[in-house]
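The values are calculated or read from the model by the stated rules, or taken from the named source; none is laboratory data. What you see is a predicted model, and the numbers here were worked out from it, not measured in a lab. All Cβ positions, even for glycine, are placed from backbone atoms using ideal geometry, and neighbour counts span all protein chains on display. The accessibility values were calculated without ligands, DNA or RNA, using every heavy atom of the protein model including side chains. Shrake-Rupley method; radii C 1.70, N 1.55, O 1.52, S 1.80 Å.
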Amino acid sequence: MEAIGDRWGLMIMRDLLLGLSRYNDLQTSSGATNATLSDRLKRLEETGLVERRLYQTRPDRYEYLPSKRGQDIVLLIQAMIQIGDRWRLQEKRKIPLRFVDGDSGFTLALVAVDAAKKVAKDQPTLAIEVGPGADDLMRWRVTQGREQRIARAAAAGRRRQQLRAP
């Protein structure tokens, strides 16, 4: 998230991954002001997610392309789109994008896979744990989040008991 920055960075990455590369096209698609778009493109370039390439001289004009690193962001965008599609389908609305295998044309979907068994799980119960590279701040976030979830569950249990009491 630090590399992407904010919603503007994410929208710009979406557009770049869809194939837009020219400044004017990125501005039209995102609706960002010149200052915002210029700032976010510089930031995305500094973080190694975007490469800037000269495509015209006199005046100099550049196109922006996702780097190898930036191309990995498509997985994040695909996950977000899949979540939105699930909500959209519940509302009986059609989905705007499909992710397909470039060779076969078959629709692709991100799924949770049990890493040990290499088996896909339809509705995983997801829990987040501290990993070996976590710093003190990340450990604090996970610990605080766990404690707050436990407290909320206990409070909800007490409310249910109070509602059942005669």
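Before moving on, here are some points about what is shown:
- Gaussian network model of the chain, springs between alpha carbon atoms under 10 Å - residue of ALA79, ALA153, ALA109 with greatest fluctuation: ALA153
- All Cα-Cα distances of the stretch 75-166, cut into 5 Å bins from zero to the largest, leave 2, 10, 10, 12, 14, 16, 13, 11, 6, 3, 1, 0, 0 percent in each bin in turn.
- The chain: most fluctuating residue of GLY84, GLY31, GLY131 per GNM, C-alpha cutoff 10 Å: GLY131
- Solvent exposure of the chain amounts to 78 Å² per residue of accessible area, where only protein heavy atoms count and the probe is 1.4 Å.
- Placing +1 on the Cβ of every Lys and Arg and -1 on the Cβ of every Asp and Glu, with nothing else charged, gives the chain a dipole about its Cα centre of roughly 920 debye.
- Which labelled figure in (i) 1.09; (ii) 1.16; (iii) 1.18 is Rg/Rh (Cα atoms, Kirkwood Rh), once derived from the coordinates: (i)
- Long-range amide H partners of PHE99 with built H, under 5 Å: LEU108
- Amide H contacts of VAL50 (H built 1.01 Å from N, under 5 Å, at least 5 apart or other chain): GLU45, SER67
- Euclidean distance of C-alpha centroids, the stretch 135-159 and the stretch 102-128, integer Å: 27
- Highest mean packing first, where packing is the average number of other Cβ atoms within 10 Å per residue, the peptides 18-27, 143-152 line up as 18-27, 143-152.
- To put it simply, the accessible area of the chain at a 1.4 Å probe is 53 percent carbon and sulfur.
- Between helix 34-46 and the chain: long-axis angle, C-alpha atoms, 0 to 90°, nearest 10: 80
- With the helix formula -39500 (n - 2.57) applied to DSSP H stretches of n ≥ 4, the chain reaches a computed 222 nm mean residue ellipticity of -16000 deg cm²/dmol.
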